[in-house]
Amino acid sequence: MRTSRVNRLRLVAGGTTRHAVLIVVSVLLGFPLLWMVLTSLKTNSQALAVPVVWWPHPFLWQNYPQVLSAVPFYRFFLNTLLYAAVTIVGVCLSSSLVAYGFSRIRWRGRDFLFQVMVSTLLIPFFATLVPLFVMYKRFHMVGWYLPLMIPTFLGSSVFSTFLLRQFFMTVPEALSDAARVDGANEFYIYSRIMLPLAKPAMATVVLFQFIYCWNDYIGPLVYINNQVWYPLSLGLYLILGTYTTNWPWVMAAATAATAPIIVLFFLTQRTFIQGIAIQGTGVKG
């Protein structure tokens, strides 16, 4: 009895400690978001006041409609959605096909080429920025989203390919062998068997790609030269003044741009965690 009571107390103490640490870390990570929202409701003098004004008085809710009308925010929003939607389609198609070839089809040099592909993640983006820009400039693609969209249809997302390949490796070979015995070809197995099983991993790929496009700044900055086609990441820069800046407006625009990502994560966090965990799927027993 005494031993079981001690073990129970240890479990309670361990659980309490873990929850306390998680709460502290959550508060520390959430504080910048809270500060951004509170600053978006202040006056400019309150945002720059020393000592710091923690609580806005009064709450200036009009900062949001004012900043949304000061710049073509909705145009930037639609541009970002277009950029994300097209690249998500490209990444899902190309990465899943390449991942299937690396995981389910046996051919000479497969594992070596997969290791070479994964090793390209070590190459910094800026090391390839100049040659890629020169290449796309010669192809007359600079000025719009083509240099950012076309590579996604050619298997440029190494991380997505790696994630889907690892997921496909967990599917039992018996499923593919049974389909081959029934006369199914590789594309049928890929489209009718593997893709339906890979929904959690595909959802994770979609979420990662959407967040990447939503936050992408360098790519549009290099390739897009017309403000009409700016995504949100570039459009928010227009709010910053040359000599003076209305920081509550900046924070209001940043809050409006961050809110969709936060809502999307809370709506898809279960699927996201399942895709990252890459649990075993397929037949049981």
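Checking the condition aromatic (Phe, Trp, Tyr) and over 20 Å from the mean Cα position of the chain (by Cα), which residue from Phe139, Phe167, Phe159 passes?
Phe139
Quick one: is Val71 over 21 Å from the mean Cα position of the chain (by Cα) and among the β-branched types (Val, Ile, Thr)?
yes
When the range 102-124 is examined, which residues are found to be modelled with pLDDT under 90 and of a type in the set (Gly, Ala, Ser)?
Once the filter is applied, which keeps residues that are modelled with pLDDT under 90 and of a type in the set (Gly, Ala, Ser), the range 102-124 yields Ser103, Gly109.
Tell me yes or no: at least one residue of the range 156-163 is touching a residue at least 12 places away in the same chain (Cβ under 8 Å), surrounded by 14 or more Cβ atoms within 10 Å (Cβ to Cβ) and not in a helix (DSSP H, G or I).
At the first step, the residues of the range 156-163 found to be touching a residue at least 12 places away in the same chain (Cβ under 8 Å) are 156-163.
Cutting the leftovers down to surrounded by 14 or more Cβ atoms within 10 Å (Cβ to Cβ) gives us 156-163.
Checking the rest, the ones that are also not in a helix (DSSP H, G or I) come to 156-157.
Yes, the range 156-163 contains a residue that is touching a residue at least 12 places away in the same chain (Cβ under 8 Å), surrounded by 14 or more Cβ atoms within 10 Å (Cβ to Cβ) and not in a helix (DSSP H, G or I).
Could you tell me whether Ser26 is at pLDDT 90 or above, over 26 Å from Val228 (Cα atoms), surrounded by 10 or more Cβ atoms within 10 Å (Cβ to Cβ) and not acidic (Asp, Glu)?
no
Starting from the range 194-211, take each residue that is under 22 Å from Ile105 (Cα atoms) and list its partners that are polar (S, T, N, Q) and not in a helix (DSSP H, G or I), counting only C-beta distances under 7 angstrom and pairs at least six apart or across chains.
Listed by first residue and then by second, the contacts come to Leu197/Thr281.
Using the structure shown, decide if Leu22 is outside the structural domain of Asn225 (by TED's automatic domain parsing), in a helix (DSSP H, G or I) and touching a residue at least 24 places away in the same chain (Cβ under 8 Å). Give the derivation first.
Details: outside the structural domain of Asn225 (by TED's automatic domain parsing): yes; in a helix (DSSP H, G or I): yes; touching a residue at least 24 places away in the same chain (Cβ under 8 Å): no.
So Leu22 does not fit the description; no.
The values are calculated or read from the model by the stated rules, or taken from the named source; none is laboratory data. Bear in mind the structure is a predicted one, so any value in this text is a computation, not a measurement. Glycine also receives a Cβ, built like all others from the backbone with ideal geometry; neighbour counts cover every protein chain displayed.
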